[in-house]
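These notes concern the structure reproduced below.
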Amino acid sequence: MNKRSKTILMVATIYSLVFAGLLVNGVYLISAEGAKLETTKTQISEHAAKEIAYTRMVDLLESTKEDRATLQQFFITENDTISFLATIEDAAKKNSIELKTNELAVIPGTTKDSITTPPALAISFSFAGSEVSVKKFLRLLESIPYHTEIPKVTLAGSGSGEEWTGSAQLRLTIKP
C-alpha cells in the first residue's frame, strides 16, 4: 500500500467514525424526543379527558337546573322557621288541637368521616284533642312538604276515649 492509499484509508476511517458518531447521536436524540413525545401525548390525553369531563359537568348542571330548583323548595331557610311554626299552629287550630311548643332549637350541621349532616330545626310539640283530630294532625306532620324526620311520637288515650294527648319531635332540614 502506498502513501496515497493509506491517506485515503485514514480519511475514510475518520469519516466512517464521524458518521457512526453522528448516527449514534441521531438515534439517541430520536429516542429522547420519543420519550418527550409520549409524555406530551399523555398530558394531551389527560387534558382532553378533563375537558370532556368539564363539558359533561356543565351539561349536567344545565340539564338539572330546574330539578335542583324544585328540590330546594323542600328545604326551609332559617328565616322561614317562624312562618313554618305559624303554619303548624294554624293547622292544629283548624283540627281542634291544643298545641304547645316545648322545644325549638337549631342543630348545627356536622361533618364526620367526610359525611356532612346539614343543619336542622328541632321542634318538640305537646298536643291534645279528639282521637280523629290527633290522627289528622299526625298525618299532617307526616306529610309536610319539606325534608323532615320524626324521631319520636307518643300517644295516650283517656279511659273514655274522647281526649287523646301526645307529643312529637320533628327535625326539619334547614337550607345551608
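Here the dipole of region 3-63 is about 880 debye; that uses its Cα centre as origin and unit charges on the Cβ of Lys and Arg (positive) and Asp and Glu (negative). Enumerate the lysines that residue 41 could reach by cross-link, defined here as Cα to Cα under 24 Å, with residues fewer than 8 away along the same chain left out. Residue 41 reaches 50.
Counting 0.36 nm for each residue step from residue 124 to residue 30 and taking away their Cα separation leaves a gain of 26.1 nm. The structure-derived value of Rg and Dmax of the Cα atoms in Å appears in the list [x] 18.1, 59; [y] 22.1, 76; [z] 39.5, 139 under the label [z]. The string of couplings for region 116-132 from the Karplus curve (6.51, -1.76, 1.60, θ = phi - 60°) is 9, 9, x, x, 9, 9, 9, 10, 10, 10, 10, 8, 8, x, 6, 4, 5 Hz, one whole number per residue in order, with x for Gly and Pro. As a proxy for reagent exposure, 137, 127 were ordered by neighbouring Cβ count within 10 angstrom, fewest first; the result is 127, 137.
Where a number appears in this text, it was derived from the coordinates with a stated rule and is not lab data. What you are looking at is a predicted structure, and each value in this text was computed from that prediction instead of being measured. With ideal geometry, Cβ positions are generated from the backbone for all residues, glycine too; neighbour counts draw on all protein chains shown.
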